[in-house]
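The values are calculated or read from the model by the stated rules, or taken from the named source; none is laboratory data. What you see is a predicted model; the values in this text were computed from it and never measured. Ideal geometry is used to build each Cβ from the backbone, glycine not excepted, and the neighbour counts take in all protein chains shown. Only protein heavy atoms, including side chains, enter the accessible area calculation; ligands, DNA and RNA are left aside. Shrake-Rupley method; radii C 1.70, N 1.55, O 1.52, S 1.80 Å.
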Amino acid sequence: MIEIENLYKEFDGVPVLKGISTTFEKGKTNMIIGQSGSGKTVLLKCLLGLHTPEKGIISFDGRIHTELGIKERRQLRQEIGMVFQGGALFDSLTIEENILFPLKMFANKPKSEMLDRVNIVLNRVNLENVNKKYPAELSGGMQKRVAIARAIVMNPKYLFCDEPNSGLDPRTATVIDNLIQEITKEYQIITIINSHDMNSVMEIGEKIVFLQNGVNAWEGSNEEIFKTENEAVVDFVYSSNLFKKVRETYLSKTK
Amino acid sequence: MNYLKHIGKYFLMLRQVFRKPQKWSVFRELFFREVEDLGLKSLGIIMFISFFVGGVVAIQTAMNIDSPFIPKYLIGFATKRGIILEFAPTFMSIILAGKVGSYITSSMGTMRVTEQIDALEVMGINSLNYLVLPKILAALFFYPLLILLSMFLGIIGGYFAGVITDLFFSEDYIYGIQLDFDPYFIKYALTKTVVFAFVITTIPAYHGFYVKGGSLEVGRASTKAVVWTSIVIILLNYFLTQMILG
């Protein structure tokens with residue numbers, strides 16, 4: 001379990017996270033949502049250790065992040081898989097080399113074994129015959145799938161995804177959503193997704209944390225988000241007419 | 001005040017760079033890749049410029065020595081001294097600052113804005129050590145060889161330029177380049193080269209690593225890196241000359 005307690009983060013004296021507390025459980029797809037500037041990315045970067053919070057506790061299965069030494073922190077980072085918004089694949093490396101990269105850095109295994117593992121994860125994300133291609137030769141959706149493959153190649157305990165659907169067509173976005181959810185269940189990992197995409201929220205959000213101006217304004221599941229009376233959440237999630245109608249239909253059916 | 005902040009940040013960056021590589025086999029691979037990218041790929045331009053500038057130095061020296069009391073072998077002597085002491089180590093380093101410096105800043109800057117550096121950090125890799133140390137060591141190892149080649153080609157260029165245009169005789173030039181040869185000057189030139197190699201890799205790496213924004217900022221950072229690298233090379237050239245030869 002990942003526990004966050006009273007997390008504060010500021011930049012140049014401007015507070016961005018103002019005492020966030022929440023938990024993220026194993027085997028669940030957890031989503032962080034909120035308007036631009038609400039602190040989602042900063043929260044994710046604090047969890048990843050890319051930002052150091054001013055106050056508060058982040059605990060990964062009992063290991064308090066800020067109290068870990070450099071070695072233990074590196075060890076923890078090896079248990080984390082991350083899918084960046086743009087994929088963040090290394091342009092100068094082939095797809096195979098990209099996925100092989102964490103194994104080469106941290107796993108002391110024969111190369112043939114590492115290559116087998118690369119092929120296993122590529123198959124898992126439904127990609128074939130791309131091993132020798134470069135990232136620029138693949139479509140956006142395929143790049144995202146390679147990024148997922150790279151994130152899971154080390155068998156992580158924690159998977160973080162920063163807007164995994166941005167820039168993808170709705171069909172590919174759904175494929176990526178389903179893939180992330182399947183992997184979460186299959187590997188029993190803690191997945192945290194930072195998203196703007198309300199389709200994803202409704203589809204795979206087993207726990208949703210809504211941030212507003214740096215505070216945790218609401219949390220619940222994708223079922224509960226239909227029923228919530230929280231004005232800020234309703235304003236944000238049901239801002240489009242389509243979603244308003246979906247909600248009305250849902251509520252009228254469940255009454 | 002802002003300059004001091006950058007200087008401090010630069011030295012803090014170096015502290016992260018000079019750590020033990022996380023995996024030697026990966027480091028070795030990266031080192032040879034950098035030797036190719038930063039060194040071997042600069043061979044062509046260095047050879048071309050050295051040969052022709054050596055020719056220009058010899059022609060200009062010959063043109064300016066019109067007194068019958070000055071022996072012609074001094075053309076070879078002056079060309080050799082100019083090339084070994086100044087032209088090869090300093091002028092070539094400024095050329096490399098432009099070529100290699102902009103490459104380092106733009107490649108690292110692009111990695112920064114496309115979150116590739118964040119990806120390294122998240123994996124638990126010391127990104128500065130991983131990206132910058134192989135570049136520094138490759139330049140420290142290869143640039144002295146490049147500068148020795150530049151010296152050789154500059155002197156050869158001078159020979160061909162003078163002999164083809166009949167400005168001096170081949171024997172005079174060869175006698176001149178052999179006259180009063182002091183190996184200490186080579187040592188001086190190579191000492192400067194090693195310092196410049198460090199500057200050529202670390203200043204652009206600093207500008208690339210800490211770039212913020214998008215492609216426009218990466219372009220601006222590349223320009224800044226080349227300007228600052230050139231300025232530092234010129235300043236260090238002055239101080240090193242004072243310290244070593246003064």
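Here are a few things to note about the model shown:
- Contour excess over end-to-end distance, with Cα ends at B:Thr241 and B:Tyr175 and 0.36 nm allotted per residue: 21.1 nm
- Within chain B, helix-based [θ] at 222 nm, where runs of 4 or more DSSP H residues each add -39,500 (n - 2.57), nearest 500: -26500 deg cm²/dmol
- Accessible surface buried once A binds B (1.4 Å probe; total of both sides; Å²): 2000
- Principal-axis analysis of the Cα atoms of chain B puts helix B:24-34 at an angle of about 50° to the longest axis.
- Chain B: angle of helix B:73-82 to the longest principal axis, Cα-based, in degrees nearest 10: 10
- Computed from backbone phi with θ = phi - 60° and the Karplus coefficients 6.51, -1.76 and 1.60, the 3J(HN,Hα) list for region B:84-94 is 5, 6, 10, 4, 5, x, 8, 4, 5, 5, 5 Hz; x is used for glycine and proline.
- Region B:155-241 - charge dipole about Cα centre, Lys and Arg +1 at Cβ, Asp and Glu -1, debye rounded to 20: 760
- Unit Cα scatterers, Debye sum, region A:190-255: log10 I(q)/I(0) for q = 0.19 Å⁻¹: -0.73
- Remark: region A:233-247, residue by residue, has Karplus-estimated 3J(HN,Hα) of 5, 4, 4, 6, 6, 9, 6, 8, 4, 4, 5, 4, 5, 4, 5 Hz, where x stands for each Gly or Pro and the curve is 6.51 cos²θ - 1.76 cosθ + 1.60 at θ = phi - 60°.
- The long axis of helix B:127-164 is offset from the longest Cα principal axis of chain B by roughly 20 degrees.
- Residue (of A:Tyr250, A:Leu48, A:Ile189) at the positive-pole extreme of chain A, dipole from beta-carbon charges: A:Ile189
- B:Leu43-A:Asp235 pseudo-label distance in nm [points 7 Å out on the Cα-to-Cβ vector]: 6.6
- Amide H contacts of A:Leu68: none lie under 5 Å away among residues 5 or more positions distant or on a separate chain (H built 1.01 Å from N in the peptide plane; Pro and chain starts excluded).
- Alpha carbon convex hull of the protein assembly as shown, projected area averaged over orientations, nm²: 29.8
- Dipole-positive endmost among B:Leu153, B:Tyr238, B:Ile164 within the protein assembly as shown (Cβ charges, Cα centre): B:Tyr238
- Shape index of region B:23-244: Rg/Rh, with Rg the Cα radius of gyration and Rh the Kirkwood radius from the inverse mean 1/r over Cα pairs, equals 1.08.
- Cα-centre dipole for the protein assembly as shown with unit charges at Cβ (Lys and Arg positive, Asp and Glu negative), debye to 20: 580
- In terms of distances greater than 29 angstrom between alpha carbons, the cross-link table entries A:Lys28/A:Lys109; A:Lys45/A:Lys185; A:Lys9/B:Lys5; A:Lys144/A:Lys245 yield A:Lys28/A:Lys109; A:Lys144/A:Lys245.
- For B:120-132, mean number of other protein chain Cβ atoms within 10 Å: 5
- Gaussian network model of chain B, Cα within-10 Å springs - most flexible of B:Ala225, B:Ala161, B:Ala58: B:Ala161
- Separation of the A:Lys26 and B:Met63 label points, Cα + 7 Å toward Cβ, nm: 8.1
- Translational D in µm²/s for region B:117-246 (Stokes-Einstein at 4 °C, 1.567 mPa s, Kirkwood Rh from C-alpha pairs): 72
- Projecting the Cα atoms of A:Gln75, A:Gly34, A:Leu93 onto the dipole axis of region A:18-168, where Lys and Arg carry +1 and Asp and Glu carry -1 at the beta carbon, places A:Gln75 farthest toward the positive end.
- Euclidean distance of C-alpha centroids, region B:59-127 and region A:125-204, integer Å: 45
- Cα Rg, Dmax, chain A, angstrom units: 18.8, 60
- Gaussian network model of chain A, springs between alpha carbon atoms under 10 Å - residue of A:Ser36, A:Ser195, A:Ser112 with greatest fluctuation: A:Ser112
- Note: relative contact order over chain A, using C-alpha pairs below 8 Å and six or more positions apart, is 27 percent.
- Residue by residue along A:74-83, Cβ atoms of other protein chains within 10 Å of the local Cβ number 3 on average.
- For region B:23-244: relative contact order, % (alpha-carbon pairs under 8 angstrom, 6 or more apart): 37
- Per residue of A:86-92, other chain Cβ atoms within 10 Å of the residue Cβ number 5 on average.
- Between A:Asn216 and A:Ser21, the built amide H atoms are under 5 Å apart, and every one of these is 5 or more places off in sequence or on another chain.
- Full extension of the chain between A:Ser92 and A:Gln75 gives 3.5 nm of extra length, using 0.36 nm per residue less the Cα-Cα distance.
- Counting heavy atoms of the protein chains alone, A:Lys244 has an accessible area of about 90 Å² for a 1.4 Å probe.
- Residues with amide H under 5 Å from that of A:Ile193, placed H, sequence gap 5 or more: A:Asn30, A:Met31, A:Ile32, A:Cys161
- Intensity falloff of region B:205-246 expressed as log10 I(q)/I(0), Debye formula with alpha-carbon point scatterers, at q = 0.32 Å⁻¹: -1.00
- Under a Gaussian network description of chain B, with springs only between Cα atoms under 10 Å, the residue in B:Tyr206, B:Tyr188, B:Tyr143 that fluctuates furthest is B:Tyr188.
- Total charge dipole magnitude, chain B, about the Cα centre, Cβ charges on Lys, Arg, Asp, Glu only, Debye to nearest 20: 1000
- Fraction of accessible area attributable to carbon and sulfur, chain A (%, probe 1.4 Å): 47
- Karplus-derived HN-Hα couplings along region A:50-58 (A = 6.51, B = -1.76, C = 1.60, θ = phi - 60°), whole Hz, x at Gly and Pro: 7, 10, 9, x, 6, 9, x, 10, 10
- Residue-span extension gain [A:Glu113 to A:Ala136] - 0.36 nm each, minus C-alpha spacing: 5.6 nm
- Cα-based reach from B:Lys192 at 14 Å (exclusive), listing aspartates and glutamates while leaving out same-chain residues under 8 positions away: B:Glu86
- With a Förster radius of 22 Å applied to the beta-carbon distance between A:Asn123 and A:Arg171, the computed FRET efficiency rounds to 0.55.
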